[in-house]
Amino acid sequence: MKRGAGVWHAVVAVLCAATVLSTTAQPEASYFATVDLFVVSDTPVAAWQVELTERRGAMQIVGIERGDDSTFRDPPYYDRVAMMRSSTDRIVLASFSLSDAARLQSGRVRIARVHVRMTGAAAADYEARLVAAGTADGRPIDAQLSIETQTER
Amino acid sequence: MVASKAATKCIERIACALLGAAVVLLGACAAYEPSGYPSQAGSAQTGDQGLEEITVTGSRIEGPTGNPRRLEPRERRTALSAVAPADAEPAGRSIAGMQPGGSTLLSQVQPGEELWVIQTSSAVTETEDDEPGSGTMLALVAREPAAPPTEVPLPLRHTDVHAVVTGYISAVDVTQQFENPYDEKIEAVYLFPLPEKAAVNEFVMTIGDRKIRGILREKEEAQRIYEDARAQGYRASLLVQHRPNIFEQKVANIEPGKRIDVNIRYFHTLAYEDGWYSFVFPTVVGPRYNPVGSQSPVAALPRGDVREPAVGTAVRYLRPSERSAHDIGITVDVDAGVEMEELTASHEIATQRDGESRAHVTLAGGNTIPNRDFVLKFRVAGETIKSNLLTYTDARTQEGYFTLLVYPPRTHNDLKRQPLEMVFVVDTSGSMAGEPIGQARDAIKAALTRLDSRDTFQVMNFSSDVRQFASRPVPASSANVERALDYVHRLGGEGGTEMLGGIRAALGFPRDPERTRYVTFLTDGYIGNEAEILGEVQRTIGDARIFSFGVGNSVNRYLLDGLATEGRGTVAYLGLEDSAADVMDYYFERISRPALTDVAIDWNGLAATDVYPARLPDLFPGRPIVVTGKFRGIPGDVGVRGRLGADTVSFDVGAARDSRQPALRSLWARLRIEDLARRQTLTGDANGALADSIRATALEHSLMSAYTSFVAVDATERTAGEHGTTVNQAVPVPAGVRYDTTVSGERGAIAER
């Protein structure tokens, strides 16, 4: 987090037992899916940090894409060391925008799409936690996190 | 020169007889070397005719009846090749005659004509005396004028390079634009170069306006993910490192007419020499020669050759009659931090100055064919470069990183150097044929005339084997230099690149206790067994020094830098447009003053660890050394000491300066990986603890390495149908390099997967 680091501790934990949307295909050794991360906040979010894991340990992150707010220019960054220290992929994502507050989005905003590869046929069991969210001037925001997943199997 | 008809027929007969004999002899010994260069020329011992060897070059033979005879592919590959300088002066046709060196005749070749060369060997095993009877016989044969190149559809449309240079650190964004020009889905595969010290730490795949950040993973795991995504129809990309300066990009499931971009970001440091900083961006991998048994060859194959090597990889090359639509755009934003007095480039550029220290540089149109290195040099004001210590502290881990620039003191410049044993080693393989060998010859000739009478010297040349001027180094007397000049004059380019033999020959003979051996190595470095070469230098260098000269416009800088590093010397580059004499003047200017040896750093209580290079090189006038490491604590004044002749010299670097450049961390990690790889080369342990250390360092710092790869998958949607055909992006051979002497023929060149 480049802005407002160390200022806030308002953390909203969201535990999601995600059901894979399509289960009609034959089980595969592996399949690909996307996990969309949404933040709900009345205040425009300028910076955020999220932790994503999969409880069965079947997830591999294969790509990270930014969300709908185009003022976040680059795809979110991830903490390589956090990923290394976990036996399975536990990813810590973060992003920030340098835009004016007026141009930032509020409400329910998709902040990132995580592309994953899952092994095994069982349904994924994701867990996501909003570590921090802040405004353009570095103030912490009380926000909620939710996820949606999609796959084509 | 115009010959009479009688003379013409006479010479034709001689030419045909010699050609016939040569082809028969060559055919007998022309076993095609797996993964090596095609043997374009061979030799035949004909001592009873007073000739040591016959070399035959050409692609068409006039038979005894005068009817042209097209050679079968094998015959051509093993014996013959064409020489037809397109820019030669117009003049005579038909048979020309005898002319030592053939230079006059070469100037008479017209565009569209073929030139046949039958000459005595340039390669004499040992010669202390003048060679009798050497000469060159040339014949000109008319052929059809060359047609304009045909454009072949290939997926890589454009490479865009944007570099930001701050001081001596550059951050470079490379975007490769792939577009499917076919009617069916494809996978694009592209082998390309990056600077050998590039710390690649970011990878983004762009589809439309969506950007997907790639993830760094262990190489095998990344490959599994990519193959899986490709097989399931997802768009995906994979970046693999084959050498520190050769990378492979794969992009899967590009639908017809669709485009996928891949962006790579890296840091690297600029070379500095006598006031000039150099930013280099290589554009094409030169065709490599791979000796039999190479561990990880890089084969050179013609476009359309679908075979995959059983080990290593392959670069596909466009034929001279082909071109692709791939072009390159380069912009460089320079902030030198101090006044920039001058700025030059290898290509035509447009420059916008912004104050004294800044400039915006763009590659001009018409210079966008990616077939030679882009080199941008800028000179900073005379006295502004001093030794200095830059630091960066990672706020999260509290670990400190530094780069220490040690600039030679300006004292003792009037001291004369000690006498030297100069060993010139020149690559005379097929890839050096034409302009490169001409440059190398000129460089050695210039160097020979600058030797001190107290020096001794030797000239060696290697291709498929090693030859040398004399049985041992000889004093640099006028007579010996004259003989050596003649020897060098007759060096040509043909055959394989058995560089290991050249290294062993140059470092292996007994040392002269009175003189330090300086090995001057001139090559394009187009070989596939770099690790073996560098390992040999590590083991045998002793107290000798290696000064490597890269000859050509797209040389293998990883090898050349490695030779200089392992040889504790320096590297220089001799482009085809450069003056060889000037480059050699500069070299002799440098070595004509004593270097600071036994260089050591006095850290003054600073806890410096993991310092690279672990063994500091000599400090030559005008050329600083850069030391990179980690530290803990507060850096104070750092000092440097060393020996200058019989004297001990020491000087202070001054106080450390916080650079606030996170790039220092990546650059340190990249050097650590390089150091670990060096040790791996020396121990030959490819999969032990050193490999684990490289992997861990690369993953921790998110860097490409031999054991880590970037992968990106767009899991949003599958593309329809099978994953399609794999299309290898063919590239032009580098400017000045001949296709026919370097790229394998249509069959038998590689061991297939």
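Can you give me the relative contact order of segment B:181-333 as a percent, contacts being Cα pairs under 8 Å and 6 or more apart?
Reported relative contact order: 26 percent.
Considering only the other residues whose Cβ falls under 11 Å of the Cβ of residue B:347, what net charge follows from Lys and Arg at +1 and Asp and Glu at -1?
Net local charge, residue B:347 excluded: -2.
Measure of size requested: the Rg and Dmax of segment A:27-151, with Cα atoms as the atom set and Å as the unit; please supply both.
Cα only, segment A:27-151: 14.7, 48 Å (Rg, Dmax).
At a 10 Å Cβ-Cβ cut-off, how would you order B:524, B:209, B:561, B:455, fewest neighbours first?
B:209, B:455, B:561, B:524
Only Cα pairs under 8 Å and at least 6 apart count here; give the relative contact order of segment A:27-151 as a rounded whole percent.
47
Can you give the % of DSSP beta bridges in segment B:456-612 that are antiparallel, to the nearest 5?
35
How many percent of Cα pairs in segment B:420-591 exceed 30 Å?
So the pairs more than 30 Å apart make up 6 percent of the total in segment B:420-591.
Taking every residue in A:108-121, how many Cβ atoms of other protein chains lie within 10 Å of its Cβ, on average?
Across the residues of A:108-121, the mean count of other-chain Cβ atoms within 10 Å is 2.
Determine the alpha carbon to alpha carbon distance for each of B:197/B:377; B:250/B:377; B:197/B:630 and list only those over 29 Å.
Those over the limit are B:250/B:377.
Hey, fewest Cβ within 10 Å first, where do B:235, B:504 land in order?
The order, fewest Cβ neighbours first, is B:504, B:235.
Tell me, B:360, B:242, B:701 in order of fewest to most beta-carbon neighbours within 10 Å?
So the ranking, lowest neighbour count to highest, is B:360, B:242, B:701.
What residue among B:212, B:199, B:232 has its Cα farthest toward the positive end of the dipole of segment B:194-233, where the charges are +1 on Lys, Arg and -1 on Asp, Glu, each on the Cβ?
The listed residue farthest towards the positive side: B:212.
Read-outs: derived from the displayed coordinates by stated rules, not from any lab. Quick caveat, the model's predicted, so the values are computed rather than measured. Reconstructed Cβ throughout: ideal geometry from the backbone, glycine too, with neighbour counts over all protein chains shown.
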